[in-house]
Each structure stands twice: as C-alpha cells, then as structure tokens.
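Asks: Got a structure for you, written out below as structure tokens; questions coming shortly.
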Amino acid sequence: MSLVVTRGRVIDPANATDGVQDVLIADGKIERVGARLPVPAGAEVVDAAGKIVCPGFIDIHVHLREPGHEYKETVATGTRAAAAGGFTAVACMANTSPVNDNRSVTDYILAKAQDEGAARVHPIGAVTRGLLGEELAELAELAEAGCVAFSDDGKCVMNAGLYRHAMEYTLPFGVPVISHAEDTTLCHGYAMNEGVVSTQLGLPGAPAAAEEVMVARDILLAELTGAHVHIAHLSTAGAVRLVRDGKARGVRVTAEVTPHHLLLTEEAVRTFDANTKMAPPLRTKRDTEAVLEALADGTIDCIATDHAPHALAEKEGEFDHAAFGIVGLETAVALLLDRLVRPGLLPLATLVSRLSRDPARLLNLPGGSLAPGAPADVTILDPDREVTVDPARFRSKSRNTPFAGWTLTGGPWMTIVGGKVVRL
Amino acid sequence: MRWTRKHLLTMRELDASEIVLLVDTAASLQEIATREIKKVPALRGKTIVNLFYEPSTRTRTSFEIAGKWLSADVINFSASGSSTTKGESFIDTAKNIAAMSPDVVIVRHSSAGAAELLARTLPCSIVNAGDGAHEHPTQALLDLLTIREKKAHFDGLHVAIVGDIAHSRVARSDIHGMRKLGVTVTVAGPPTLIPPFVQELGVKVSYRLEDAIRDVDVIMLLRLQHERMTNGLIPSLREYSRYWGLTLDKLAKHARPDVLIMHPGPVNRGIELAPEVADGPYSVILGQVAKGVAVRMGVLLLLAGSKADAP
C-alpha cells in the first residue's frame, strides 16, 4: 500500500529540506523524498500543490483525561482533536483517575490508543504515587511499559529531595523528568498573574517568582544529578533567563511554551471569562515577548499546547472557582501560523521544527523527520485557508477556549499517521 | 447629563460626570428619610432581588430599605457558599431567579467578577453590592456623598486609606471614584497588605501611619480580617493595632484638627480604631450608614426608574 504526496513544499528541518518535492510512502514508512518521483502502480496520490508538507506534528503536553474523566475527554476524542489540529502524535499527562502511576494504567491508555486512537499516543508516567509528592511511583516499570517521560504535571513536586531522587533513579531509562514549576507556597489560591491587573480585579495573583523559584531549583537539581529536566509551559521572562543560563552552562534543561503564553496576556482576564484562567497564568507583554524570542533562538525547544479539556460547568461560573486550563489541539497550528508566521515574528521553518523535529528529539520519539525509514507521519498545512474558530465544531469533547471567534489564515489541511490519511 | 448604563458594576468604568450624577441623585433623595411617610411611588410595580452570597447586615438592609422606600417589591435571597459547595451553582441559581423576571438583581458574592458574570448572563439590570476583593461601588458613592457634605467639594482634598488595601473591595472602589473626582489618595499599611503595583492606580503609598495621616482631610480605616494573621501577612493583632491602630493620641499629634474619620464597617474596635475615635467628634461613621440608603435609592432609581422619574 503506497501513497504519494506530490508537488507540495516540503519543510523537513531534521533533513535540512525546504522545497517543492514529492513524498513517497510505503508500508507505513517514508520511502523517499525527491522531485518528481515516479508514482508506483496503484498508489494513492495526494496533490499538495500550494500546500506545506511537514513531518507529523507532535504535542508533548496533552491531557486526554482517560481513564477517569471521560466526561471531559477520551483517548478517542482527544486523538481526533489532535489529528484535526494537525498533530500526528501526543504525549499524555498522568493526572488521570486512577493516576498513571502504575503499569496497568499505562497499558490501558496504550490499548485504548491502539483500538480507538486517531493519532499516536505516548503516555507520561507520574513521578510520585498518586501525584501526592510523597513517594516515587514505580518508575522503572512505567518506563518499560512505554512511558516516554515522568511528570506530576498539574502539581509541582515541592519536596526537592524526593525530586532529586526521581531524577537520579530515572537516569538509566534515558527519559526526562518534566517539571510543572510552581512553588505552591508562593501562589496559594491564585487565579491569575500577580500584577497591576490582579490588583485592579481583586483576584489573588501568582507572582512570576513562583515559577522562577522552581525553574531555578530544577535546573540546579539537573546539574547535580546529570538528569534531563524539561520545563513544562514556561511562561515568564525570568524563567527564560534561567533556562538560557542553564543551557549555556551545559545543564540538560529543555523547555516548552504554549500558544496561549505566546499570544495572550493577563489583560485577557479583565473579562472574568474563565477561559482565560490557566496554570501557569497568562503573564505580561514583557513575558510574551521574552518567550517568543526564546522560542525563535532555541532557548525554548518546542511548542506544546497543554490541551486541558474541561466541561462547561467547570468553566462557566465564578472565576476564582473555575478549573484551570484550556483546550489547544485544534487551535494551536492555525493560531501560530496566523499570529506568528504571517506577521514575520517567527520563520515558518522554525515553527515546523518546534512542532516536529524538536519535540521528537526531546522525548526520543519516533517521527519528527521525513528521512527514509521514518514512520510515515505527515502534517500538511494550507497556508491560505481562512477559518473562524468555532468551538461547536471541535472534535474534542470540551469547548473551553479563549480563542472562539478569532479569524485565522492558514491551518492544518491533512494529517497522515502511519501512512494513512486520517479521515474524521 | 443622562444616565445610560444598564448596570452598576464598578467605579472603574464610570466617568466623573456619571459619578457626580449618582452622588447628586442620592443627595436629592436624602430628605425622604426625614418624612413621616417614607415612601415615594417611583419604582411601584418593579421587582428587586437582593442576591446575597455573603453574610451582610448593613448593605443588604440598606438596599432593602432603599427599594421599599421607592415602592419596589424587594425579595431577599441569601445563599451561603458557592458553586464549590454542595448544591446548585451560582449561575443556575441566578438563571432561576431571572426566570421570575426581576427588574434589578443586587448581588453580593465572595468571588471577584461575580457581578460581571451575572450582567453577561441575565437579562435584567445588575448592581454590584461587593464582589470579592474587586469592587463595592455603592460604598464608594456613599463615601463620596459623606465627604462632599462635610467638605462641600472634592477639589484639592487628600484622603488616606489605611489598612488591608490588598483584600479590600472598598479601597479599590474608593480609589477609582476619588481619583476621578480629583481627590489625592494615599494608601497606607504594612507592605504585606498593600497590593502590588497599586501606584499604577494613581495613589501614593505610605508604610507609616503617622506619615499617612499628616495633612489629610479624611482618614478612611479598613477592617482587618483576623485570617490575615494565620496567613502570615501580619505577626499579630497586637502588633497591628500598636502600629496601625488609630488612637486619639496619634490623631492629636499627627492629623489636622478638622480631619474626618471614616470606616466602611463593621469596625474592629480596639484593632484598627480606638473606641474613643470611632465614637468621637471626628467620626462620621454612622453618617456613612445613613447616606447608604440614599445612595442605593439613587442607584435603583437611575437603573430601574422610568425616564420621567429621573431628576
């Protein structure tokens, strides 16, 4: 069974390719990339003229909510949202119910993904049992079961001694520990960023320092242990400085940024719309500028959505009682193309790299490349497509987005996973 | 000047002429309290719901009396807790009340933004009677009415607001209202009770009571909640009252002889305010309460009265 994607502009940062090429796929793998390839007999042909053909996009920070919170999202709906948004693979966080802190939960997620997944699923195991921050989860067995990283995301492991042990213990597995960097003693009960807007709105604030204190700690622990620590949803200019400094000193620290921390500031909270409430909170213009600069220069390694589905009832009430987080899989690519690439703030090739090659390298995932033999995961973009974000049309079970009504030019056009076009 | 707004949500959104209209309207309604029959027919046939999610005596009663003197039907709905506690969510409760077609819903809630949320959700007029640490516009209006009566004008006045600014909706509404009318405002308290970047609201900041009260026309004291101590924001009530409690001695030494002492209540006697000061000649605290009814009558009249009734 073969498939040829013809006449598209192929951007493949892992192989330094940028030009009009054909991509030949056979048996679920990339067979060849080149100009005017002969089409094998019986092959399906996708005419991608005017489109942009990229290695499949990978979102390493997603909450699929299954098992336990299926009213928000499931593996089936979450991966359909991923494929609709141009992602061929996601890594899912461990804060399910039960928590993914033991092999049976990992097995369950992988089985669900095998049966119902529209995109690849890479589970992330918990660092601590029950995400309680008290005892290590069975990390070796989780790694063996297929967990690609460890994280208590949603919670910060406040016990530095325990976190150090987690980093040391996981060294032989070659997978990173992902930090939700937020010192809870500095931001207890917060609803938004601490600053002039929180003062005006009378909402409890989380200072940038609550994040930066933990980023600093985790960089020091990575230096101490030699482990790879990855900072999830980095959001402040100060945290950028710390990561930049850590990298310059050779510490194995990497970081991701979300589309909302690139595109929105605390000003959005003035509406008291709970779809502007997330952890970490939306920051200031200075911070969005710093994370964008860091994304462009590689200090921040990749983009991840922190796709966090919640039911309407969890988001429609009082701001301070609302759940944290927003969905991101179905809006990320279009937002980034329209708001960063189109105005010239980020080169297209850099965006493609930060969504494919770089996250794949970071978690040692297959994919992120169109080299012969690589899995045939391909994301095709339409640079001219204009869409207005309509949450009612999301494939996700949840609708919690602050981007409803935004009109965006450019977006995902076709998603190919394992050599097959995903049809939703 | 005509009133055009559907809701009264914040002082921040009002301009100076709107604030003056509200204060003038309240001033003109004060004499109703002195009548033998305290009732005018302005809001006959209108329904007003007091939706109170926090315990409140003075504000709820004040709105209730204001509505009744204007001949509206006033219904009190007190709910404890919020959507996080067991039972119906705030939005569901509000929608149920809206289904009974009130003209005005007055809301008091512990969450900042609760009034905005209702204004976005319900078809009727909304009055914010205090939302978390955000705003309490009718309190600011009655403070302004009190000050104008005593000082005759706002020009060149200087007000010190002392105490827990960080958690105070009264402070925020007062700051917006006063600054728009040209009043100089100094906020004072221990740094842990001063919110970050408060200077950007156009106020001065002082960390010493003696400096803050020097040469001001009005001292507004705020209630200190006891939980500020357990949160580690102040070491003890004893230390707070020693450095931040206003006593006759400190007044005599540092303040002007014609200074006004105000407090939105309820007063922690002996903590932020010595009893002799609260009951003394400088104090206009009970006058504030009396003005509260007139202010709320004015607000209800402007929001729910027919255009012909507006002054």
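Just so it is clear, none of the values below were taken in a lab; they were calculated from the coordinates. Being a predicted model, the structure only gives us computed values, none of them experimental. Note that each Cβ is placed from the backbone with ideal geometry, even for glycine, and that neighbours are counted across all protein chains shown.
Asks: Can you give the translational diffusion coefficient of the stretch B:191-273 in µm²/s, computed by Stokes-Einstein from the Kirkwood radius over Cα pairs at 20 °C and 1.002 mPa s?
Replies: Diffusion coefficient, whole number: 156 µm²/s.
Asks: Which distance in Å, rounded to a whole number, links the C-alpha centroids of the stretch B:106-130 and the stretch A:74-90?
Replies: Their Cα centres are 38 Å away from one another.
Asks: On to the next question. Could you tell me the center-to-center distance, by alpha carbons, between the stretch B:17-33 and the stretch A:217-293 in angstrom?
Replies: 50 Å
Asks: Which value does Rg/Rh take for chain B over its C-alpha atoms, Rh per Kirkwood?
Replies: 0.97
Asks: Rg over Rh of the stretch A:207-329, using C-alpha atoms and the Kirkwood radius, what does it come to?
Replies: Value, to two decimals: 1.01.
Asks: Averaging sequence separations of C-alpha pairs under 8 Å and six or more residues apart, then dividing by the length of the stretch B:137-288, give the relative contact order as a whole percent.
Replies: Rounded, it is 23 percent for the stretch B:137-288.
Asks: Can you give the average number of partner chain beta-carbon atoms within 10 Å of each beta-carbon in peptide B:189-202, as a whole number?
Replies: 3
Asks: Where both residues lie in chain A, what percent of DSSP beta bridges are antiparallel, nearest 5?
Replies: 50 percent
Asks: May I ask you to sort A:C187, A:C92, B:C124 by Cβ crowding, counting other Cβ atoms within 10 Å and putting the fewest first?
Replies: B:C124, A:C187, A:C92
Asks: Rounded to whole Hz and in sequence order, give me ³J(HN,Hα) for the stretch B:143-158 from the Karplus expression 6.51 cos²θ - 1.76 cosθ + 1.60, θ = phi - 60°, writing x for Gly and Pro.
Replies: Using θ = phi - 60°, the values come out as 5, 5, 4, 4, 5, 5, 5, 7, 10, 6, 7, 10, 4, x, 6, 10 Hz.
Asks: Place +1 on the Cβ of every Lys and Arg and -1 on the Cβ of every Asp and Glu in the protein assembly as shown, take the dipole about the Cα centre, and give the residue among B:T192, A:L224, A:L295 whose Cα lies farthest towards its positive end.
Replies: B:T192
Asks: Exposure proxy check: A:T128, A:T388 ranked by fewest other beta carbons within 10 Å?
Replies: A:T388, A:T128
Asks: Counting Lys +1, Arg +1, Asp -1, Glu -1, what net charge surrounds A:V53 among other residues with beta carbon under 12 Å of its beta carbon?
Replies: -3
Asks: Show me the three semi-axes of the equivalent ellipsoid for the stretch B:1-81, from the C-alpha gyration tensor (sqrt of 5 times each eigenvalue), largest first, rounded to whole Å.
Replies: Over the Cα atoms of the stretch B:1-81, the semi-axes work out to 22, 20, 12 Å.
Asks: Using the Karplus curve 6.51 cos²θ - 1.76 cosθ + 1.60 with θ = phi - 60°, what ³J(HN,Hα) values do you get for each residue of the stretch A:351-365, in whole Hz, with x for Gly and Pro?
Replies: The phi angles translate into 4, 4, 4, 5, 9, 10, 4, 5, x, 5, 5, 4, 9, 6, 8 Hz.
Asks: Residue by residue, what Karplus-based ³J(HN,Hα) values in Hz, rounded to whole numbers, does the stretch A:408-419 have, using 6.51, -1.76 and 1.60 with θ = phi - 60° and x for Gly and Pro?
Replies: 10, 9, x, x, x, 10, 8, 10, 10, 10, x, x
Asks: For the protein assembly as shown, give me the percentage of DSSP beta bridges that are antiparallel, rounded to the nearest 5 percent.
Replies: So the antiparallel bridges in the protein assembly as shown amount to around 35 percent.
Asks: Going by average Cβ neighbours within 10 Å, how do the peptides B:246-254, A:232-240 rank, with the highest at the top?
Replies: A:232-240, B:246-254
Asks: How many Å³ per residue does the convex hull of the Cα positions in the stretch A:56-362 occupy?
Replies: 113 Å³
Asks: Now, a different point. Specify the angular offset, from 0 to 90 degrees and rounded to the nearest 10, of the alpha carbon long axis of helix A:237-248 from the longest principal axis of the alpha carbons in chain A.
Replies: Tilt relative to chain A: about 70 degrees.
Asks: Another question, then. Would you calculate the convex hull of the Cα atoms in the stretch B:137-288 and tell me its volume per residue in Å³?
Replies: So the per-residue Cα hull volume is 96 Å³.
Asks: For B:Y282, A:Y71, what's the fewest-to-most ordering of other Cβ within 10 Å of each Cβ?
Replies: With the sparsest Cβ surroundings first, the list reads A:Y71, B:Y282.
Asks: Eigenvalues of the Cα gyration tensor times 5, then square-rooted: what semi-axes does that give for the stretch B:85-168, in whole angstrom, largest first?
Replies: Equivalent ellipsoid of the stretch B:85-168: 32, 17, 8 Å, largest first.
Asks: Report the charge-dipole magnitude of the stretch A:56-362 in Debye, nearest 20, computed about the Cα centre from +1 at each Lys and Arg Cβ and -1 at each Asp and Glu Cβ.
Replies: Dipole size: approximately 760 debye.
Asks: Let me spell out the model: positive unit charges on the Cβ of Lys and Arg, negative unit charges on the Cβ of Asp and Glu, origin at the Cα centre of the protein assembly as shown. What dipole size does that give, in debye rounded to 20?
Replies: 1620 debye
Asks: Which percent, nearest 5, of DSSP beta bridges in the stretch A:17-115 are antiparallel?
Replies: So the antiparallel bridges in the stretch A:17-115 amount to around 55 percent.
Asks: When the Cα centres of the stretch B:211-238 and the stretch A:314-328 are compared, how far apart do they sit, in Å?
Replies: 33 Å
Asks: Before anything else, pin down the relative contact order of chain A: Cα pairs under 8 Å, at least 6 apart, normalised by residue count, whole percent.
Replies: 20 percent
Asks: Which of B:P55, B:P275, B:P235 moves the most in a Gaussian network model of chain B with Cα springs under 10 Å?
Replies: B:P235
Asks: Residue farthest toward the positive end of the dipole of the stretch A:56-362, with Cβ of Lys/Arg at +1 and Asp/Glu at -1: which of A:L336, A:A323, A:A349?
Replies: Of A:L336, A:A323, A:A349, it is A:A349.
Asks: Using a Debye calculation, one point per C-alpha and no hydration shell, please list log10 I(q)/I(0) for the protein assembly as shown at q = 0.06, 0.07, 0.10 Å⁻¹ in order.
Replies: Per q value, in the given order, log10 I(q)/I(0) is -0.44, -0.58, -0.99.
Asks: If you don't mind, another one. Taking 8 Å as the Cα distance limit and 6 or more residues as the minimum spacing, I'd like the relative contact order of chain B as a percentage.
Replies: 21 percent
Asks: Also, quick follow-up: With a cut-off of at most 16 other beta carbons within 10 Å, and DSSP calling the residue loop, which trypsin sites (Lys or Arg not before Pro) in the stretch A:358-415 qualify? Please list them.
Replies: The qualifying sites: there are none.
Asks: What share of Cα pairs, in percent, lie more than 16 angstrom apart in the stretch A:332-424?
Replies: 63 percent
Asks: Calculate the mean, over all residues of peptide B:165-173, of how many other protein chain Cβ atoms lie within 10 angstrom of the residue's Cβ.
Replies: For peptide B:165-173, the averaged partner shielding equals 2.
Asks: While we're on this one: Loop-only check: which GluC sites (Glu not before Pro) in the stretch A:18-120 are DSSP coil with at most 16 other Cβ within 10 angstrom?
Replies: Loop-located and lightly packed - A:E70.
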